[in-house]
Amino acid sequence: MQRMVKQINKKRLVRYKEGAEMYSMGMNKFQALAKDAGAVLKIDRLVLVDLDTFDKYLESFRVK
């Protein structure tokens, strides 16, 4: 039996739903953090989150 390996592609831009799943958090919390991070891109009705900017913002919450 061959084992299926889930391929993880590092995307730079994701929609809210996909980002919330990637970071294991609720969509409302992900939206709020993305907006606070300044990582939201809006093109007409399409809203994308820049994960590079979002990751940098998340690092500011690291406990030392």
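Values in this text are rule-based calculations from the coordinates and carry no lab data. What you see is a predicted model; the values in this text were computed from it and never measured. When we count neighbours, we look across all protein chains shown, and the Cβ atoms used for this are built from the backbone with ideal geometry, even at glycine.
Enumerate the residues in the stretch 11-29 having an amide nitrogen under 20 Å from the point lying 7 Å beyond the Cα of residue 43 toward its Cβ.
Counting only backbone N, you get 11-20.
Hey, which of these cross-link pairs are over 19 Å Cα-Cα: 10/64; 10/42; 29/64; 11/42?
Over 19 Å apart, Cα to Cα: 10/64; 10/42; 29/64.
Give, rounded to the nearest 20 debye, the magnitude of the charge dipole that the chain has about its Cα centre when Lys and Arg contribute +1 at Cβ and Asp and Glu contribute -1 at Cβ.
Approximately 180 debye in magnitude.
Match the structure shown to one of the listed values [x] 11.0, 32; [y] 13.8, 47; [z] 21.8, 71 of Rg and Dmax of the Cα atoms in Å, computed from it, and give that label.
[y]
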